[in-house]
Amino acid sequence: MKAIICKGLTKQFGDFKAVDSISFDVEQGEIFGFLGANGAGKTTAMRILCGLSYPTAGEATVAGFDVYRQQEKIKKNIGYMSQKFSLYDNLTLLENIEFYGGVYGVSRADIRTRSRELVSTLGLEKEAGKLVAGLPLGWKQKLAFSVAIFHRPRIVFLDEPTGGVDPVTRRQFWDMIYEAAAAGITVFVTTHYMDEAEYCNRISVMVDGRVEALDTPARLKQQFSTDSMDEVFYQLARGAKRSAD
Amino acid sequence: MQKEFRQIFRDKTILAMMLVAPTMQLIILPFAANFEVKNVNVAYVDHDHSSYSRKLLHKIGASGYFRMVGDPRSYKEGLEMIEYGKADLVLEIPAGFEKNLVREGSQKVNLSVDAINGTKASLGGAYLVSVLANFNSNLDVNVKLPDGKAVAPAAKITVAGINWYNPRAEYKYYMVPGILVLLLTMIGGFITALNIVREKEIGTIEQINVTPIQKWQFILGKLIPFWIVGMIVFTIGLTVMYLVYGIFPKGNLAVLYLFAAVYLVALLGLGLLISTFAETQLQAMFIAFFFMMVFMLMSGFFTSIDSMPDWARAMSGFTPVTHFIKVVRLIVLKGSGLADLKTELGYLALFAVALNGLAIFNYRKTT
């Protein structure tokens, strides 16, 4: 079964089509890169797929559930990590895990064993009882990702998860993404880093609300007869009429 | 959902603010916010210079409410002192004051009042009249306001003024429960609104919205901790009231708590409702302030509801604070029981249901 199916999905604010009739499928277990310049409509599209926003037209299902009527069911089956850090700064690491685990209905016993595992894989045993506010950004982001997949969702949405993070931590972060994908979680990720785009199984590039290209990184490079993703992105995005915000 | 509880205790500063600030306010505010008038500046014009007139002046000075600020030579100079704000009252004792009192058994004195500071002037005037009356009930006091419009009828004073004499205790009893209510109102209205809007600002609310949490779960999760804090504050308030002012509710404590509980739910609902409209904490503050101002002024806390125009009285009925202040005063001071306050309980419950209903209705996880 496909993880995400979009057909002609559109979101309009007044005259402005933020998302203009996009169609694509995402396979279960795939790492799907969702690229586009600032203001191209990535975040809007993602918010629709996460059940945070109603589309104006078109169809889409996420984990088999309809984005118009079954948003709460979608929410049960996805994880979401926004570009803003979204854990509670003034809760400790463990309290954050416990809180979000509880919200997703993970049982207490599971929360306890899984959070112990998680803390040790992240190597944060010493920090487990400290407030999240004191952690360095890279660790915060890794923690946020771990929390987003803590309830073992079918799909995880990552909105620019590595913004402002150093290259080493980014590599570690992508290792975590691969692990999650290997465990069968579909990863839907937006990014501005083209090296990260290369890590994806397939990528789509949005320009002015439309999906202008969708394929594996290798074939996209071939198609635009270049050897760098930067160039692919540049060729697509420079045709954009919308000014970046 | 018990996890939401922690959200409140994580914020140690806010928690401290919520618990300590009200206590301080309850201790300090009543001294400033009472209607009692002290330090009324009295200028006197003594045309008599008799031992009896001096005795009267001495008595006025000794009452503790007045400050003798000077003895201008003429009544005109006394009025000038009022104009310059040096005096609030001018008392004129005519020549032959002692003689006439002894011989004819009655004597007029003139009292002019500065009506700019209305409360001070009218209460100060009334005090002075009662001092005079107490001094010699045969005195006829001629009270004049400077603009000449509101010349009070020359009061043939009897001893009726005596109740004014120790108004202090009265005001304290009246004000302290009112202030307690206002504190509870602030906690309920402000803190919930700010808390949720803060989550909007930080972005955690979006993270919450993307979870399968139900609206009512989220709202209850917010309500319950603040409700508990509110009740704790209320308890602290009552304790302070008892320890510092020696006021112990005459009525049933359980009834008082029942009302506080319902009232808090209503106010929390208001806070939630505000938070669904406001996008930033600044907006939330302004909206909350607007409501608080209306509530405070309309609730009969500062002014008597009975003396409001009809429309204001009607509006006053729509503010939950009005009902709660009334109830608290009735229970604490008068000892009213549940049966007497059934309608008020109904009103408060109505507010609670309506405000929370609106808040839940208005809170959207999906836009």
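Just the residues that are assigned to a helix (DSSP H, G or I) and more than 7 Å from chain B (Cβ to nearest Cβ), please, taken from region A:89-98. Listed by number, the residues that qualify are A:Leu93, A:Leu94, A:Asn96, A:Ile97.
Being at pLDDT below 80 and touching a helix residue (DSSP H, G or I) at 6+ places or on another chain (Cβ under 7 Å) is a property that B:Val244 has.
Would you say B:Ile213 is of a type outside the set (Asp, Glu) and more than 14 Å from chain A (Cβ to nearest Cβ)?
Working: of a type outside the set (Asp, Glu): yes; more than 14 Å from chain A (Cβ to nearest Cβ): no.
Considered against the rule, which asks whether it is of a type outside the set (Asp, Glu) and more than 14 Å from chain A (Cβ to nearest Cβ), B:Ile213 comes out as no.
Every test in (1) in a loop (DSSP other than H, G, I, E, B); (2) on the phi < 0 side of the Ramachandran plot; (3) modelled with pLDDT of 85 or more; (4) surrounded by fewer than 18 Cβ atoms within 10 Å (Cβ to Cβ) is passed by A:Pro161 save one, and that test is (4). With respect to the conditions (1) assigned to a helix (DSSP H, G or I); (2) at pLDDT 80 or above, B:Thr211 falls short on a single one, namely (1).
Entry remark, region B:316-367: residues being charged (D, E, K, R) and surrounded by 15 or more Cβ atoms within 10 Å (Cβ to Cβ) number 5 in total.
Within region A:119-158, being under 17 Å from A:Thr169 (Cβ atoms), open to solvent by 60 Å² or more (accessible area, probe 1.4 Å) and in a helix (DSSP H, G or I) holds for A:Thr121, A:Gly134, A:Leu137, A:Trp139. So for region A:24-40 (the condition being under 16 Å from A:Leu214 (Cα atoms) and surrounded by fewer than 17 Cβ atoms within 10 Å (Cβ to Cβ)), does at least one residue qualify? Yes, there is a match, as at least one residue in region A:24-40 is under 16 Å from A:Leu214 (Cα atoms) and surrounded by fewer than 17 Cβ atoms within 10 Å (Cβ to Cβ). For region A:12-44, name all the residues that are part of a loop (DSSP other than H, G, I, E, B) and either aromatic (Phe, Trp, Tyr) or without any contact (Cβ under 8 Å) to a residue 60 or more places away in the chain (or both). Result: A:Gly14, A:Asp15.
So which residues in region B:269-283 are part of a loop (DSSP other than H, G, I, E, B) and open to solvent by 30 Å² or more (accessible area, probe 1.4 Å), if there are any at all?
Within region B:269-283, B:Glu279, B:Thr280 qualify.
When you check A:Ser86 against the structure, is it surrounded by 14 or more Cβ atoms within 10 Å (Cβ to Cβ), more than 11 Å from chain B (Cβ to nearest Cβ) and either touching an Asp or Glu at 6+ places or on another chain (Cβ under 8 Å) or under 16 Å from A:Ala148 (Cα atoms) (or both), yes or no?
Details: surrounded by 14 or more Cβ atoms within 10 Å (Cβ to Cβ): yes; more than 11 Å from chain B (Cβ to nearest Cβ): no; either touching an Asp or Glu at 6+ places or on another chain (Cβ under 8 Å) or under 16 Å from A:Ala148 (Cα atoms) (or both): yes.
Taking the combined requirement at face value, the residue does not satisfy it.
Within the set A:Asp166, A:Asp175, A:Asp208, A:Asp230, the sole residue that is farther than 25 Å from A:Leu87 by Cα and open to solvent by 30 Å² or more (accessible area, probe 1.4 Å) turns out to be A:Asp230. Taking region A:99-119 as the range and being closer than 18 Å to B:Phe218 by Cα and more than 10 Å from chain B (Cβ to nearest Cβ) as the test, only A:Val106 passes. Regarding A:Leu220, is this residue under 20 Å from A:Ala18 (Cβ atoms), in a helix (DSSP H, G or I) and open to solvent by less than 40 Å² (accessible area, probe 1.4 Å)? Here the answer is no, as A:Leu220 does not meet what is asked. Given the criteria open to solvent by 30 Å² or more (accessible area, probe 1.4 Å), in a helix (DSSP H, G or I) and within 29 Å of A:Asn38 (Cβ to Cβ), does A:Ala109 qualify? Considered against the rule, which asks whether it is open to solvent by 30 Å² or more (accessible area, probe 1.4 Å), in a helix (DSSP H, G or I) and within 29 Å of A:Asn38 (Cβ to Cβ), A:Ala109 comes out as no.
Of the residues contained in region B:241-254, none is found to be surrounded by 15 or more Cβ atoms within 10 Å (Cβ to Cβ) and either under 18 Å from B:Gly188 (Cα atoms) or within 14 Å of chain A (Cβ to nearest Cβ) (or both). Considering only residues in region A:46-83 that are β-branched (Val, Ile, Thr) and part of a loop (DSSP other than H, G, I, E, B), the one that is least open to solvent (accessible area, probe 1.4 Å) turns out to be A:Val67. Each residue in region A:93-106 was checked for being open to solvent by less than 20 Å² (accessible area, probe 1.4 Å) and within 13 Å of A:Ala144 (Cα to Cα), and 6 of them qualify.
Just one of the listed residues (A:Ser82, A:Ser86, A:Ser53, A:Ser107) is within 17 Å of the chain's Cα centre (by Cα), farther than 30 Å from A:Asp166 by Cα and of a type outside the set (A, V, I, L, M), and it is A:Ser53.
The values are calculated or read from the model by the stated rules, or taken from the named source; none is laboratory data. None of the values given here were measured: they were computed from a predicted structure. For neighbour counting, all protein chains shown are included, and Cβ atoms are generated from backbone atoms with ideal geometry for every residue, glycine included. The protein model used for the area step is the full one, side chains on, heavy atoms only, and it has no ligands, DNA or RNA in it. Shrake-Rupley method; radii C 1.70, N 1.55, O 1.52, S 1.80 Å.
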